[in-house]
Amino acid sequence: MEPNEVRAIAKFILREMESQHSADLAHKWTGGTIKVIPGDPNTKEHEMSIDKLMHKVVMVRDNLRVLEQQINSNKELSDAEKLKYQNYITKCYGSMTSFNFLFYDEEDKF
């Protein structure tokens, strides 16, 4: 592959990833905070904005989608290997459904 082709593909992937990082937070969570209170009273609690949590969840979702595309388009993997890796991705999506309450639009959910 020529260097110009690699650059073109890299630019395309970057544009794709930038466009995928959008998902609206459900209005009731705007400006909200997540507070994690440890069971040990001698340990400090942790607080994070819901916007920051939402951003991280969306990043995981989008990176899983890119990984899925990379696996499916890989010519060196056998169909059995693709299926095996796809099953791991499906399990990750299943675990991420716990965060669906954050999303405003149904289509953004896992």
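A compact table of results
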read-out	value
Rg in Å to one decimal, and Dmax rounded to a whole Å, for the chain via C-alpha atoms	18.2, 59
10 Å Cβ shell holding at most 15 others, DSSP loop, GluC sites (Glu not before Pro): longest site-free stretch of the chain	1-44
Cα-centred dipole magnitude for the chain, charges only on beta-carbon of K, R (+1) and D, E (-1), debye, nearest 20	200
At R0 = 30 Å, FRET efficiency that the Cβ-Cβ distance of ASN4 and GLN86 yields, to 0.05	0.40
FRET efficiency for TYR104 and ASN63, using Cβ-Cβ distance with R0 set to 25 Å, rounded to 0.05	0.75
Folded to 0 to 90 degrees: helix 50-73 orientation relative to the chain principal axis, Cα	20
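A short reminder: the numbers here are calculations on the coordinates, not readings from a lab. No experiment lies behind these values; they were computed from the predicted model shown. We place every Cβ from the backbone using ideal geometry, glycine too, and count neighbours over all the protein chains shown.
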